[in-house]
Amino acid sequence: MTTYRPCVIKSFKNNGHLHRMWLENWQVPTELLADEHAAESMHVFINRQTPIQEADGKQWISRVPAVSFFIPGEWFNVVGLLEDHGVRYYCNVASPLFFQNDVLTYIDYDLDVIVPRGGKAQVVDQEEYELHKIAYHYSEEVNRKVMEGLDALLKRIENGQAPFNDDLILGYFEAWNKHMGEV
């Protein structure tokens, strides 16, 4: 029987402090990954109304379901938000993932890219990145990797490469929803 593994996703800042945690996520089993996702060994997670804990301990519940994609070695991750009007993409420029014992971690480098349904990619939080680059003493190598990650992410978006496929995202969510109803 196919099982979705429960996992926690933790985001840190470059100084090692916790940024945010998504406490209830379900990893899509490898055998259910689309070929293009399996080819890149992507880790795909689904959540709906998950508790999110901020660094200060405050918790809130996510309002929209999400399908998240982490690609080993890449300096970004992609979250497909399943909103009423369709899928909106929220992408974090971040360190490559580290995944162990059902906990996925990464370092968030502030820069984000938002792709509204049918819209163009927008880079946001550039001022935050510049402030944290100084405050957290980002090395030249980290700055280079962050900019390379941003460029690679923007090229994927422009070329419509994985994981930017609304139908696959909706398919993952529907299969998971069905599975959870049967468990």
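The values are calculated or read from the model by the stated rules, or taken from the named source; none is laboratory data. Computed from a predicted model, the values in this text were never measured in an experiment. Because the Cβ atoms are built from the backbone with ideal geometry, glycine has one as well, and the counts that use them run over all protein chains shown. Accessible surface is based on the protein model in full, side chains and every heavy atom, while ligands, DNA and RNA are left aside. Shrake-Rupley method; radii C 1.70, N 1.55, O 1.52, S 1.80 Å.
Around Pro51, under 15 Å between beta carbons, what's the net of Lys plus Arg minus Asp minus Glu among the other residues? It would help to have the intermediate numbers written out before the result.
On the way: positive: Lys10, Arg20, Arg48, Lys58, Arg63; negative: Glu24, Glu54, Asp56.
Here the count lands on +2.
Mind ranking 105-115, 135-145 by how tightly packed they are, going by the mean number of other C-beta atoms within 10 angstrom, highest first?
Values: 105-115: 20.9, 135-145: 12.8.
My ranking of the peptides, most packed first, is 105-115, 135-145.
Tally up the carbon and sulfur contribution to the accessible surface of segment 1-148 as a whole percent, 1.4 Å probe, everything protein left in place.
Values: 3930 of 7760 Å².
Heavy-atom surface of segment 1-148 belonging to carbon and sulfur, 1.4 Å probe: 51 percent.
Going highest first, how would you order 165-177, 68-80 by mean Cβ packing within 10 Å? Mind showing how you got there, number by number?
Numbers: 165-177: 16.8, 68-80: 22.4.
Going by the mean number of other Cβ atoms within 10 Å, highest first, we get 68-80, 165-177.
Under a point-charge model restricted to the Cβ atoms of Lys and Arg (+1) and Asp and Glu (-1), what is the dipole moment magnitude of the chain relative to its Cα centre, in debye to the nearest 20?
On the way: 16 positive and 27 negative charges, 61 e Å.
Charge dipole, the chain, about its Cα centre: 300 debye, nearest 20.
Straight-line reach from Lys58: which lysines have Cα under 29 Å away, leaving out those fewer than 8 places along the same chain?
Lys58 reaches Lys10, Lys13, Lys133.
How many times 2.2 N^0.38 Å is the alpha carbon radius of gyration of segment 18-124? Walk me through the numbers on the way to the answer.
Values: Rg = 13.8 Å, N = 107, 2.2 N^0.38 = 13.0 Å.
After normalising by residue count via 2.2 N^0.38 Å, the value is 1.06.
Which lysines have a Cα less than 22 Å from the Cα of Lys155, not counting those fewer than 8 places away in the same chain?
Lys120, Lys145
When only Cα pairs under 8 Å and 6 or more residues apart are kept, what is the percent relative contact order across segment 1-117?
Normalised by residue count, the contact order of segment 1-117 is 23 percent.
Among the lysines, select those whose C-alpha is under 26 Å from the C-alpha of Lys178, and discard any that sit fewer than 8 residues away in the same chain.
none
Sort 52-61, 38-47 for me by packing, meaning the mean count of neighbouring Cβ atoms within 10 Å per residue, highest on top.
Listed from highest to lowest mean packing, they are 38-47, 52-61.
Report the charge-dipole magnitude of segment 103-183 in Debye, nearest 20, computed about the Cα centre from +1 at each Lys and Arg Cβ and -1 at each Asp and Glu Cβ.
Numbers: 8 positive and 16 negative charges, 50 e Å.
Roughly 240 debye, rounded to the nearest 20.
Using only alpha carbon pairs under 8 Å that are at least six residues apart, calculate the relative contact order of segment 55-173 and give it in whole percent. Can you show the working numbers first?
Values: 171 pairs, mean separation 23.9, N = 119.
20 percent.
Multiply the residue gap between Asp35 and Val103 by 0.36 nm, knock off their C-alpha separation, and tell me the result in nm, one decimal place. Show your work: numbers first, answer last.
Values: separation 68, 0.36 × 68 = 24.48 nm, distance 2.42 nm.
Stretched out fully, the Asp35 to Val103 stretch lengthens by 22.1 nm.
With every protein chain present, what is the per residue accessible area of the chain (1.4 Å probe, Å²)?
Accessible area per residue: 53 Å².
Considering only Tyr136, Val87, Phe99, whose Cα is most displaced toward the positive end of the charge dipole of segment 66-147, charges sitting on Cβ of Lys, Arg (+1) and Asp, Glu (-1)?
Val87
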